[in-house]
Amino acid sequence: MASLSDADLQIHPPMPLRRDWRIGIVGSGFIVNDCHLVAYRKAGFNPVAIASRTRDRAGEVAARHAIPKVHDSVTALLHDESIEVLDVAVPPQAQLGVIEAACRVRHLRGILAQKPLGVNLDQARQIVCLCEDAGITLAVNQNMRFDQSVRAGKALLDHGRIGEPVLATIDMRGIPHWMPWQRDLGWVTLRIMSIHHLDCFRLWFGDPERIFCSVRSDPRTPFPHEDGIATYILEYTSGLRCVGLDDTWTGPAREGCPGDIRIEWRIEGLDGLAMGEIGWCRDPYTTPSRIRYASQGDTEFHTPTWTESWFPDAFVGPMADLLVGLETDAPPAINGRDNLRTMALVEAAYRSVKERRSVELNEFPLEP
């Protein structure tokens with residue numbers, strides 16, 4: 001069977017007709033400085049203002065990325081009526097306050113919020129309702145959905161190259177850089193890394209019926225936490241099973257042992273097989289992801305390639321998705337209400353750990 005074209009694989013997200021939407025940035029950390037703004041400049045988007053906890057740091061980021069306006073405070077930025085779209089890249093415990101304040105000003109059309117959407121499902125519900133009541137379109141930066149191999153996997157499913165899915169896995173052997181703010185929250189993996197993988201399973205296959213999750217602490221992480229190494233199984237009514245292993249230890253790779261660092265995914269169907277490798281965990285982190293796939297009748301695997309990478313290129317996708325939604329008056333694919341289902345799946349994983357049982361997704365209502 002012939003290989004799918006780049007257009008059919010849809011590794012590039014749909015782009016807005018208008019690239020000059022005026023974007024205000026809240027935050028100046030790595031994810032803004034090395035991912036959001038790098039990607040936005042490549043795409044021709046228009047960040048016009050920035051604010052952060054400290055004006056000096058915001059000024060440094062503005063200078064690097066040619067952002068014309070630096071505000072003394074987040075409050076000042078929110079009251080800048082030239083801004084149409086707000087990019088909120090702050091720790092989850094700060095999100096609710098920023099978005100609540102943003103919803104009180106009446107000139108904003110859209111908000112892109114980082115994942116996780118708040119510190120738990122309850123806060124996520126509040127944020128979604130605040131934006132809906134204010135008439136602001138909310139999108140959530142589930143950026144792994146826009147990794148090129150992940151999008152290609154979705155396209156293969158949509159084109160029937162894999163057939164009915166039977167088993168899917170995501171196997172992460174990586175050492176994330178935990179943020180200082182996580183020390184105060186007591187959790188690390190499920191809401192920060194696993195949330196990417198759970199959301200990808202949802203992208204590929206929709207919502208599961210239930211989840212079983214088991215965790216242990218990560219020996220390398222010095223502060224108390226409940227979810228270091230995480231394993232989970234998603235059960236679907238069709239019989240499909242999705243299995244995730246998020247190994248943040250990977251052996252003593254930073255303590256003098258050779259490492260085996262990788263993130264791999266695999267989808268097996270009745271008619272085909274697809275396997276991907278995420279480039280983010282490679283050195284450099286801008287390494288492109290890869291995919292191999294084959295269907296019944298193929299004599300070898302198809303191996304399309306591209307030059308883009310998850311970090312930073314996939315960060316075009318969430319903002320583009322929001323802007324397309326604003327132009328078409330249609331909910332973005334990563335709209336806030338959809339993201340409540342990802343947050344609910346994460347909450348179900350925590351409950352499964354606590355109660356040592358499979359937890360059904362319908363145990364978590366999406367309304368407050």
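The values are calculated or read from the model by the stated rules, or taken from the named source; none is laboratory data. What you see is a predicted model, and the numbers here were worked out from it, not measured in a lab. Neighbour counts run over all protein chains shown; Cβ positions are idealised from the backbone, glycine included.
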Inset, instruction - Inspect all residues belonging to segment 49-67 and state whether any of them is in contact with a strand residue (DSSP E or B) (Cβ under 6 Å, 6 or more places away or on another chain), in a loop (DSSP other than H, G, I, E, B) and at pLDDT 95 or above. - result: yes
Inset, instruction - Among the residues of segment 203-248, write down those that are assigned to a loop (DSSP other than H, G, I, E, B), free of Cβ contacts under 8 Å to residues at least 40 places away in the same chain and either closer than 30 Å to residue 283 by Cβ or out of contact with any Pro (no Cβ under 8 Å at 6 or more places or on another chain) (or both). - result: 206, 217, 218, 219, 222, 224, 237
Legend entry - Restricting segment 251-303 to residues that are of a type in the set (Val, Ile, Thr) and surrounded by fewer than 17 Cβ atoms within 10 Å (Cβ to Cβ), the residue that is farthest from residue 217 (Cα to Cα): 299
Inset, instruction - For segment 23-45, indicate whether the set of residues that are more than 17 Å from the chain's Cα centre (by Cα), farther than 27 Å from residue 309 by Cβ and not assigned by TED's automatic domain parsing to the domain that holds residue 177 is non-empty. - result: no
Legend entry - Single residue of 341, 357 found to be part of a loop (DSSP other than H, G, I, E, B) and in contact (Cβ under 8 Å) with a residue 24 or more places away in the chain: 357
Inset, instruction - Among residues belonging to segment 236-247 that are over 22 Å from the mean Cα position of the chain (by Cα) and of a type outside the set (Ser, Thr, Tyr), point out the one that is nearest to residue 202 (Cα to Cα). - result: 240
Inset, instruction - Please work out which one of (1) without any contact (Cβ under 8 Å) to a residue 40 or more places away in the chain; (2) part of a helix (DSSP H, G or I) is the condition residue 126 fails and give its number. - result: (1)
Inset, instruction - Could you please find all residues in segment 193-244 being of a type in the set (Gly, Ala, Ser) and surrounded by fewer than 17 Cβ atoms within 10 Å (Cβ to Cβ)? - result: 206, 214, 217, 238, 239
Inset, instruction - May I ask you to list the residues in segment 155-174 that are closer than 12 Å to residue 240 by Cα and either among the β-branched types (Val, Ile, Thr) or not assigned by TED's automatic domain parsing to the domain that holds residue 263 (or both)? - result: 166, 169
Inset, instruction - Would you mind finding the one in 56, 72 that is farther than 28 Å from residue 200 by Cα, among the charged types (D, E, K, R), surrounded by fewer than 17 Cβ atoms within 10 Å (Cβ to Cβ) and without any contact (Cβ under 8 Å) to a residue 12 or more places away in the chain? - result: 56
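Do we find that residue 180 is out of contact with any strand residue (DSSP E or B) (no Cβ under 8 Å at 6 or more places or on another chain), closer than 26 Å to residue 29 by Cα, surrounded by fewer than 20 Cβ atoms within 10 Å (Cβ to Cβ) and not small (Gly, Ala, Ser) in this structure?
Working: out of contact with any strand residue (DSSP E or B) (no Cβ under 8 Å at 6 or more places or on another chain): yes; closer than 26 Å to residue 29 by Cα: yes; surrounded by fewer than 20 Cβ atoms within 10 Å (Cβ to Cβ): yes; not small (Gly, Ala, Ser): yes.
Yes; evaluated as a whole, the condition is true for this residue.
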Inset, instruction - Would you be able to tell me the number of residues in segment 337-366 that are modelled with pLDDT under 95 and either among the small types (Gly, Ala, Ser) or touching a helix residue (DSSP H, G or I) at 6+ places or on another chain (Cβ under 7 Å) (or both)? - result: 1
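Let's see how each residue does on (1) part of a strand (DSSP E or B); (2) aromatic (Phe, Trp, Tyr); (3) out of contact with any helix residue (DSSP H, G or I) (no Cβ under 8 Å at 6 or more places or on another chain):
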{"site": "94", "(1), (2), (3)": "no, no, yes"}
{"site": "98", "(1), (2), (3)": "no, no, no"}
{"site": "111", "(1), (2), (3)": "yes, no, no"}
{"site": "122", "(1), (2), (3)": "no, no, yes"}
{"site": "140", "(1), (2), (3)": "yes, no, no"}
{"site": "171", "(1), (2), (3)": "yes, no, yes"}
Inset, instruction - Output the number of the condition that residue 7 fails; it satisfies all remaining conditions of (1) in the same structural domain as residue 110 (by TED's automatic domain parsing); (2) assigned to a helix (DSSP H, G or I). - result: (1)
